[in-house]
Amino acid sequence: MSESQLVDIKNLTQEELIEFLSGLGKERFRASQIMRWIYGRDVCSFDDMTDLAKALRLELQQRAYVSNLQPEVVEQSCDGTRKYLFRLDDGQSVETVRIPMEGGRATLCISTQVGCAMGCSFCHTGSFGLVRNLTTAEIVNQVCAALRDGPIQNIVLMGMGEPLDNLENVIKALQIFYLPEGLDFSQRKVTLSTAGLIPEMLDLGRRIKLNLAVSLNATTDEVRDQLMPINRRYPLKALMAACRDYPLAPRQRITFEYILIRDVNDSDQDAKRLVGLLHGIRAKINLIPYNEHPASPLKAPTARRIEAFQTYLLSRDMIAIRRASKGQDISAACGQLKGKLDGAKSK
């Protein structure tokens, strides 16, 4: 049987693995054993799962396999940021970024699609268009690979792709992240960022717990239509209503990501409108200076505009945090490393 006909164990949640093993006449507890080997010990060969009977290991080899990702390229910044390019089985590629934090901690930014269908004008990934969704295994394997370089405290689904455009595989990956026999992350340490797919966003909130981030980036429909075409389907009024309806735990807030772009959305009037938009929503604002790249004519805001924008929000009792730029000496923009390397290969 070829690998394409085998079951990739990393595509399975615990319940799906129990069902798969039940079809082989095996006990439920074997699923926990196998998952601890795969995720707790990073084992990819059934031969190494020594507390399984030899007959079971042989049967698993005939029916299944454990996928793995190794980075094709790693770029490391002087600030410790590390960007991985992973080559997938079909030749496509995705990026993952390990971001150092204070106290030796690290946040991992992972991808959920090859390319993206959202077409946001400020995002380099959007220039590729959508190629395909990542499988559950391809999402999970980004984390498994990065863990080999040290512990990870936070996972953010903010890399290539729109996570809610791949909702089912993302939810399965989240279940594996949270499972004690899986990657054993706390729900409080995982954040998903969306451009604002309202039905999927509300479905996500009903089905699984995590931190929600909404990529906002404008305070009028006119500007957001230009920056984020999804706004033509789900305009600001509808998006804000959905955010008010989103189920939050006590003391939990929705993060609104606001990429500040020079002379586009960084005016005093934008800051005032932003306060009004978020009225009645438990919110915090993540201000992100635009990261310039050759594929876009957009420009980063001046330091003076960033400070003025943040100062206004703070003066209105908003939680407004400026995200420190990381990895400026490497291919920092989302999709930039993929574009550079895949472009070079095509020549």
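Each reported figure results from applying straightforward, stated rules to the coordinates on display, with no laboratory input. Everything quoted here is computed from the prediction, not taken from an experiment. Neighbour counts run over all protein chains shown; Cβ positions are idealised from the backbone, glycine included.
Ranking LEU56, ASN154, ALA295 by Cα position along the charge dipole of the chain, where only Lys, Arg, Asp and Glu carry charges on their C-beta atoms, puts ASN154 farthest toward the positive end. Taking Cα centre as origin and charging only the Cβ of basic (Lys, Arg, +1) and acidic (Asp, Glu, -1) residues, the dipole magnitude of the chain rounds to 820 debye.
Amide H to amide H, with H built 1.01 Å from N, MET101 comes under 5 Å of ALA106, THR107, counting only residues 5 or more places away or on other chains. Highest mean first, the peptides 182-194, 69-81 sorted by other C-beta atoms within 10 Å per residue fall in the order 182-194, 69-81.
Looking at the chain alone, DSSP beta bridges between its own residues are antiparallel in about 40 percent of cases. Shape of the stretch 3-65 from the C-alpha gyration tensor: rounded (a/c under 1.5, with a ≥ b ≥ c the square roots of its eigenvalues). The residue among VAL43, ILE176, GLY80 whose Cα reaches farthest toward the positive pole of the charge dipole of the chain, with charges on the beta-carbon of Lys, Arg, Asp and Glu, is GLY80. Net length available on complete extension from LEU248 to ARG316 is 22.2 nm, with 0.36 nm assigned per residue and the Cα-Cα distance removed.
Here LYS299 is the anchor, and the aspartates and glutamates within straight C-alpha reach of less than 13 Å, apart from those fewer than 8 places off in the same chain, are ASP263, ASP266. Between helix 236-245 and the chain there is an angle of about 50 degrees, using the helix long axis and the longest principal axis of the Cα atoms. Ranking MET228, ILE261, TYR246 by Cα position along the charge dipole of the stretch 195-279, where only Lys, Arg, Asp and Glu carry charges on their C-beta atoms, puts TYR246 farthest toward the positive end. In summary, the aspartates and glutamates within cross-link reach of LYS10, defined as a Cα separation below 16 angstrom excluding same-chain residues under 8 places away, comprise GLU19, ASP42, ASP89, GLU138, GLU168, GLU181, ASP184. Relative contact order for the chain using alpha-carbon pairs under 8 Å, separation at least 6, rounded to a whole percent? This gives 15 percent for the chain. Our estimate of slack between HIS279 and GLN187, defined as 0.36 nm per intervening residue step minus the Cα-Cα distance, is 30.5 nm. Protection proxy ranking of 45-54, 157-166, 58-67, by the mean of other Cβ atoms within 10 Å over each peptide's residues and highest first, is 157-166, 58-67, 45-54.
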